[in-house]
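Single-structure report; data block below.
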Amino acid sequence: MKIEEAASYTEKCFHGSPASCTCACPFHLDIRSLLEKVSKGKWASAYKLLRNETIFPVIVSALCDQPCSNHCQRTQIGDQAISIRDLEDACIRYVKKRKADAYNIPPKTAKVAVVGAGLAGLSCALNLARKKFQVTVFDKELGWGGSIRVHLRFKEFNEEISLMFSVAKADFQFKSEITSLAQLEEFDAIYIATGSGGDSFGLLESWDHELQTTSEKKVFLGGSLCGVSQMEGIAQGAQVSKVIEAYIQTGKASYINKENNFKECGRKLDHDGALSLARVEAKSTDGYSEAEAREEASRCLQCDCDKCLTSCEMLKRFGKAPQKMAIEVYTDTHVNPPLSTHTLARETYSCNLCGHCKSICPEAVDIGAMLQFSRTARFKDNSYPAALHDFWLREMDYAVSQGAFVSAPKGKKTCQYAFFPGCQLGASNPEHVLESYDFLNEHYDAGIFISCCGAPAFWAGDEERLGVHIEKLRQEWFEMGRPKLVFACATCENIFSMMLPEIKSISLYELLDRQSHVLSKCDLTEAVVFDPCAARDDDEMQSSVRRLADKADISLEELQEKNRCCGYGGLIRLANPSLYDEISQVRAEASEKPYIVYCANCREVFAARDKECAHVLDIVFGLSINASIPSLAKKRENSLELKKKLMREKWEMDFEAETHEWDKLSLIIGDELQKMMDQKLISSADLQEAIWLAEESGDKFYDESDGMSLCSMIKPVITYWVEYRKTGPDTYEVYSAYYHRMHFVKGE
Amino acid sequence: MVMAEEKLWKCGKCKEDLVKKRTAFSYLGHTFSTEVMCCPKCGKVFIPKELAEGKMAAVEQELEDK
Ligand code: SF4
Ligand code: SF4
Ligand SMILES: [Zn+2]
């Protein structure tokens, strides 16, 4: 991976970049931070910031024509812009002591001549003098100031200039007009700032706008001589001092151009929920009182984008800036585990990959896609924590082997439609698939395509496994005569449209709606539709479900935020159990009304939290709502029974599921333990196997005093333990079940 | 539930009482060792629930984050 690859995901994120007012300010003054200080009455640090960035704060606050105010985002919500200049003025008046600042460094021998003691020349001279260069300023007038010498407030300006130069010594040569550069031969560098219409010694033509260089290597040019405003002149003077410094030190004029940071004015924030606040008017003609200034400054919206960072529970929890995460996506695949530390692992596997961040980002930055990229990179890199996804990959293997059934309708080789219910729908409630297929079979030339879409492999970042599986699906679809697929699950639909775009599809709900299909009125009278995150871009699916609910006379309300992930997405449950809990709780509480869902996983997540919740198919087919969720082992059984039933009833075929010797064991598992096992994704089928193996081989621990046994079963990724006691022939009561992910090293 | 520590677990195959022994573990490419109960004869390692869900889980988490 190249760093650019990771960085490209967040390239457009402008979190932390300068506010729009700052971009418009000739000094790129950090106005956000200035106003924050003022709002807290921190006059000393506000003044310091103002002085460091504007060079001559008194002059600037008096003369600046405030280009920033046109860019103040208060105006976006209909308010007046913040009076920044009045607040600058307040900083100057309320700071206890105005101070100049110089570096405590030894004097330098290099000599610089500044021609013109106007604002640009003074700014350049001051900055070089502070760095202890030998600076001589020439001006044909009697004193400094240039164009501001005639200003009404020149007395104040004069004081400020004196103050600044009190700690940064420069030699001022007034009444000395430079008529030829030959007079300045002894200087190492020359800055010409002779003011509007002043002498450029024939160098204006060759002036370089960026670096302020000229065709004469050691001669620089700037200020209103070059047509810039007074404020720009001050800013330019400060900037050219750095170029001159580089030139003296390296022989080459250069400047670290931060201009790019200020290009984008970031006006894309929508300031949801910001209160409108009127501009504070000063009661006195002298300007704001301290309290007024603080109040006006606190009108600042502190514009910065943090939409995703405050909206996504995962991003909120980790609190990392998107661009920082991008760098970590890169560094995480460039470290050697024993020496360096990955920094992003938990985030990578805690993302629901739900697309919400992209949908709310003003620049459509897709952090989910970036973390999916990170998962894939880690898988390739072998830094993939297999235990976090093993359970679902095993379920996928099962769904595409034992659980799978693909066929055109009985007696046919091909069909126009095929129902792809997804592996979870039937496992969770076989009736959903049976009823739906009955319906499809009745109205359409529809075959069945029971398999897994491959989402678990995708979410694990296992591209190879996904690729092989997708190829198999493509083949099966092809053999069925390339039918249009009917999806009940938006995730399946997404995976197909991403991996197999040649396959046409339609949602089950749209077909149901087309046939005006609601058989029975249901108990629900009001509800909200909880759209799965995967259906975000499928308007048709969303509206079909609403129309179906409508036909059942359910009055619907809308959630404030649609298509948020229920918590299931990206399979974060083992990677971050507490985050999973938080998300599912927040979603369950998003409305007090019962939910209508159309994703089997959403239903399970909510049912597990006792949230009243119906699958839209319950409503359509008059099935009981709030059905309990089957245990993990029961889900596998459900899939097999469903397959058996379908094959028998619709195809008159028999199906014998693969059996194991341990199937005959019956386990007694208390409710508490079962609940815990479901949470930790421990299937009783694995416990059956472990107990059977232990009892067959005697390879276990036992306690004679109470007849308890404890055995373990080491699977490639996870080691399961089960504590049990025999209570009858082939019957065992289970007391505890747990696992660990590390392995013993054999032979120690 | 009975605390695993108080119980008199024996190895099912060797009928031996368990003893403490330093054992090596590995996870995600890292190896480390710690004392756990084992069968003195065949060396079968015994991991009680408290250990699996306590210290071991914490180390696993840490290594996953590395
Ligand atoms: S929404 Fe997030 S990613 Fe997008 S610009 Fe804002 S902070 Fe950056
Ligand atoms: S994809 Fe979803 S979970 Fe992941 S960062 Fe974006 S909003 Fe958060
Ligand atoms: Zn033994």
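Just a few scattered comments:
- Chain A - percent relative contact order, Cα under 8 Å, separation 6 or more: 10 percent
- Furthest towards positive pole of dipole, A:617, A:170, A:560, structure part chain A, Cβ charges: A:170
- Chain A contacts chain B over a buried accessible area of about 3300 Å², both sides summed; the probe is 1.4 Å and only protein chains count.
- Summary of the geometry: the range B:25-59 and the range A:1-53, compared by the centres of their Cα atoms, lie 51 Å apart.
- Dipole of chain A computed with +1 at Lys/Arg Cβ and -1 at Asp/Glu Cβ about the Cα centre; of A:507, A:443, A:225, farthest Cα towards the positive end is A:225.
- As computed over the range A:1-151, the Cα convex hull volume per residue (Å³): 192 Å³
- Per residue, the accessible area of the range A:102-171 comes to 45 Å² when a 1.4 Å probe rolls over the protein heavy atoms.
- Each Lys and Arg adds +1 at its Cβ and each Asp and Glu adds -1 at its Cβ; summed about the Cα centre, the range A:274-414 shows a dipole of about 1000 debye.
- Within the straight-line cut-off of under 20 Å between alpha carbons, the aspartates and glutamates reachable from residue A:472 are A:395, A:397, A:462, A:463, A:464, A:493, A:502, sequence neighbours fewer than 8 places apart in one chain being disregarded.
- Accessible area per residue for the range A:661-740, computed on protein heavy atoms with a 1.4 Å probe, is 42 Å².
- Drop in accessible area of at least 40 Å² in the complex versus isolated chain, residues of the range A:676-721, 1.4 Å probe: A:699, A:701, A:702, A:703
- Within chain A, helix-based [θ] at 222 nm, where runs of 4 or more DSSP H residues each add -39,500 (n - 2.57), nearest 500: -11500 deg cm²/dmol
- Global form of chain B, assessed from the alpha-carbon gyration tensor, a/c cut-off 1.5: oblate
- The GluC sites (Glu not before Pro) of the range A:433-522 that DSSP puts in a loop, and whose beta carbon has at most 11 other beta carbons within 10 Å, are A:502.
- Rounded to the nearest 20 debye, the dipole magnitude of the range A:43-118 is 500 debye, with +1 charges on Lys and Arg beta carbons, -1 on Asp and Glu beta carbons, and the Cα centre as origin.
- Percent RCO, i.e. relative contact order, over the range A:186-331, from Cα pairs under 8 Å lying at least 6 residues apart: 13 percent
- Farthest toward positive dipole pole in the range A:11-53 [+1 Lys/Arg, -1 Asp/Glu at C-beta], among A:18, A:39, A:52: A:39
- Global form of the range A:661-740, assessed from the alpha-carbon gyration tensor, a/c cut-off 1.5: rounded
- Solvent-accessible ranking of A:167, A:150, A:228, largest area first, probe 1.4 Å: A:150, A:167, A:228
- Amide hydrogen proximity for residue A:736: with H placed 1.01 Å from N in the peptide plane, the residues at 5 or more positions away or on another chain lying under 5 Å are A:723.
- Burial of 20 Å² or greater, the range B:49-65 residues [accessible area, probe 1.4 Å, versus chain by itself]: B:49, B:52, B:53, B:56, B:60, B:61, B:64, B:65
- Protein heavy-atom surface of the protein assembly as shown, 1.4 angstrom probe: 48% of the accessible area is carbon and sulfur, with nucleic acids and ligands not counted.
- Amide H contacts for residue A:138 (H built 1.01 Å from N in the peptide plane; partners 5 or more residues away or on another chain; cut-off under 5 Å): A:114, A:115, A:116, A:173.
- Averaging the Cα positions of each part gives two centres, and for the range A:373-420 and the range A:541-559 these lie 31 Å apart.
- Mean Cβ count within 10 Å, highest first, over the residues of peptides A:698-709, A:43-54: A:43-54, A:698-709
- Cross-linked pairs A:643/A:715; A:484/A:675; A:42/A:140; A:132/A:217; A:12/A:611: Cα-Cα separations exceed 31 Å for A:484/A:675; A:42/A:140; A:12/A:611.
- Residues of chain B: accessible area per residue with a 1.4 Å probe, Å²: 55 Å²
- Averaged over the residues of A:729-737, the number of partner chain Cβ atoms lying within 10 Å of the residue Cβ comes to 1.
- Placing +1 on the Cβ of every Lys and Arg and -1 on the Cβ of every Asp and Glu, with no other charges, gives chain A a dipole of roughly 2660 debye about its Cα centre.
- Relative contact order %, the range B:19-65, counting alpha carbon pairs below 8 Å whose residues are six or more apart: 30 percent
- A prolate overall shape is assigned to the protein assembly as shown, the ratio a/c of its alpha-carbon gyration tensor axes (a ≥ b ≥ c) being 1.5 or greater and a/b exceeding b/c.
- Ellipticity at 222 nm from helices only: DSSP H runs of n ≥ 4 in chain B, each -39500 (n - 2.57), divided by the residue count, give -3000 deg cm²/dmol.
- Once the C-beta distance of residue A:413 and residue A:331 is scaled by a Förster radius of 60 Å, the resulting FRET efficiency is 0.65 to the nearest 0.05.
The values are calculated or read from the model by the stated rules, or taken from the named source; none is laboratory data. Treat the numbers as computed from the prediction; the structure is a model and nothing was measured. Ideal geometry is used to build each Cβ from the backbone, glycine not excepted, and the neighbour counts take in all protein chains shown. Quick note on the areas: whole protein, heavy atoms, side chains included, nothing else; ligands and nucleic acids left out. Shrake-Rupley method; radii C 1.70, N 1.55, O 1.52, S 1.80 Å.
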